[in-house]
Amino acid sequence: MVMVSPFPMVLSAGLDGREATSSRVAKCHLSLDAMLSESTTARVTQPKGMASLRKGDSLWGSALLFSQDFPGSFPLAIDEPACIRLGGCPLSPLSTSSGDALSDTSLSSHSERSVLGSVWLLSQNAEGTRRVQDALDHASDEMKEAMLQEFHGRAVKAMRDPHANHVLQKCISIMAPNSLQFMVEELLERDGLATAVARHRYGGRIVQQLLKKCSVSQVSALAEALMQESVALAGHSFGNYSVQHLLQNGTEEQQHRLAQTITRNAETICRSRVGDGIVAAAMEHVSSEDKLSIARAVLLQPGLLVELAQGRHGHSAVLRMMQVLDGKESLQAHMSLAMGIATLRVSRYGRIVAKYLEEKALHAAVGQQQSV
């Protein structure tokens, strides 16, 4: 009987308790005489498929060994070019000369198989998550699906995990959208969960990437859940990025609805700590009519235009507003900013708007002189 620890670098033998550690996959000659009883069959996974071995059989080549005596055991990777003993049975590696050395394909195959069954466990620590991501990079499509299956029912927990979230991000980047549907569904299992994850330091990244990768039909319910809480998300340090994504890449209907929300809540959003990023994204991506509505809403609030102009993203939003406003509204905006020019000049981002005003005033003065 062979019992394998859930920690992939440590294995133990059930016959005499001896332990061995492993690090690198190498070709091994596996003699099973001392390991198996007459009635026991060991299942062995090799790159070409499954094999069944009984007492007296020998296996040449690197492999993963399972014990039918201990069905809950984890797969054992036969590793390291050194003699490994299991229950007094030597596992002697073949020569690793050029003729017998494992190919890169064989090595990567065993790297993938060595994490299978332990993907969730490994993903929760710094070393393990890198190992799983490396295995995903080299895995076949079938193996990727098998590895991703281990996150079913744990997707939301993984999204919030400081290490496992990186594995999910890797899966999103390399796998087909249909394979990611379970993540969207788990986000929608209860009211408020999607917005809670969107506010999370790590989970917010997953929400944004799902919105970007999946089809409109796949994430329509997720987008709707986010838009229902768009004002609160717009002012949140992490949640605002999901709203920005919808403004940048959402459907025209989603963009229009968000623009209306910004128009109705211009003061609240603009004066929140990160709300200027939302307004800037809207002024860049929504329709011309919606841009004008937002600009008018900001202009109606005393001092809001000058305040927005001092923001890291707000200054670009103000410059776009100056382009869509015309007539009396444009004049009102210029006067409002001119009255705050001293404040703008000492602001890191406000001075960009101040320079714009000064250049426009200079061009206007030159134009008047030429007309005279």
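The values are calculated or read from the model by the stated rules, or taken from the named source; none is laboratory data. Keep in mind that this is a model prediction, so the values were computed, not measured. Don't worry about glycine lacking a Cβ; one is built from the backbone with ideal geometry, like all the others, and counts go over all protein chains shown. Just the protein is used for accessible areas: all its heavy atoms, side chains included, with ligands, DNA and RNA removed. Shrake-Rupley method; radii C 1.70, N 1.55, O 1.52, S 1.80 Å.
Which of the residues belonging to region 223-245 are of a type in the set (Gly, Ala, Ser) and assigned to a helix (DSSP H, G or I)?
Passing the criteria: ALA223, ALA225, SER230, ALA232, ALA234, SER242.
Restricting attention to region 305-319, which residues are surrounded by fewer than 18 Cβ atoms within 10 Å (Cβ to Cβ) and not in a loop (DSSP other than H, G, I, E, B)?
LEU319, the sole residue that qualifies.
Got a number for residues in region 248-279 being free of Cβ contacts under 8 Å to residues at least 40 places away in the same chain and open to solvent by less than 10 Å² (accessible area, probe 1.4 Å)?
Adding up the residues that qualify gives 7.
Quick one: in region 91-128, which of the residues that are part of a loop (DSSP other than H, G, I, E, B), farther than 18 Å from ALA164 by Cα and among the polar types (S, T, N, Q) is modelled with the highest pLDDT? Can you show your working first?
Step one: filter region 91-128 for residues part of a loop (DSSP other than H, G, I, E, B), giving 94-103, 116-118, 123-125.
Subsequent filtering for residues that are farther than 18 Å from ALA164 by Cα retains 94-103.
Checking which are among the polar types (S, T, N, Q) leaves us with 95-98, 103.
On the way: SER95: 32, THR96: 34, SER97: 35, SER98: 37, SER103: 42.
Selected residue: SER103.
Take region 283-308 and flag every residue that is within 22 Å of ALA354 (Cα to Cα) and within 32 Å of the chain's Cα centre (by Cα). Spell out the reasoning first.
Of region 283-308, the ones within 22 Å of ALA354 (Cα to Cα) are 283-284, 291-292, 294-308.
Result: MET283, GLU284, LYS291, ILE294, LEU308.
Can you spot a residue in region 210-224 that is within 18 Å of ASN249 (Cα to Cα), among the acidic types (Asp, Glu) and either at pLDDT 95 or above or open to solvent by 50 Å² or more (accessible area, probe 1.4 Å) (or both)?
Yes; the residues of region 210-224 include at least one that is within 18 Å of ASN249 (Cα to Cα), among the acidic types (Asp, Glu) and either at pLDDT 95 or above or open to solvent by 50 Å² or more (accessible area, probe 1.4 Å) (or both).
Mind checking which residues of region 129-145 are farther than 15 Å from GLN169 by Cα and either at pLDDT 95 or above or buried (at least 17 other Cβ atoms within 10 Å of the Cβ) (or both)?
The answer is ALA139, MET143.
Among the helices (runs of 4 or more DSSP H) lying completely within region 138-200, list those that include at least 2 residues that are closer than 18 Å to PHE238 by Cα.
Once the helices (runs of 4 or more DSSP H) in region 138-200 are filtered for at least 2 residues that are closer than 18 Å to PHE238 by Cα, what remains is 155-160, 164-174, 193-198.
If you go through region 340-372, how many residues are of a type in the set (A, V, I, L, M) and either surrounded by 16 or more Cβ atoms within 10 Å (Cβ to Cβ) or at pLDDT 95 or above (or both)?
Within region 340-372, the subset of a type in the set (A, V, I, L, M) is 341-342, 344, 346, 352-354, 357, 361-362, 364-366, 372.
Next, from what is left, pick out any that are either surrounded by 16 or more Cβ atoms within 10 Å (Cβ to Cβ) or at pLDDT 95 or above (or both): 341-342, 344, 346, 352-354, 357.
Qualifying residue count for the region: 8.
Checking the condition farther than 22 Å from ALA295 by Cα and of a type in the set (A, V, I, L, M, F, W, C), which residue from VAL231, VAL219 passes?
VAL219 is the lone residue from the list that is farther than 22 Å from ALA295 by Cα and of a type in the set (A, V, I, L, M, F, W, C).
So, LEU136, is that one farther than 19 Å from VAL219 by Cβ and in contact with a helix residue (DSSP H, G or I) (Cβ under 9 Å, 6 or more places away or on another chain) or not?
Here the answer is yes, as LEU136 does meet what is asked.
Being over 15 Å from ILE294 (Cβ atoms) and hydrophobic (A, V, I, L, M, F, W, C) is the filter here; which residues of region 306-342 pass it?
VAL306, LEU331, MET335, LEU337, ALA338, MET339, ILE341, ALA342
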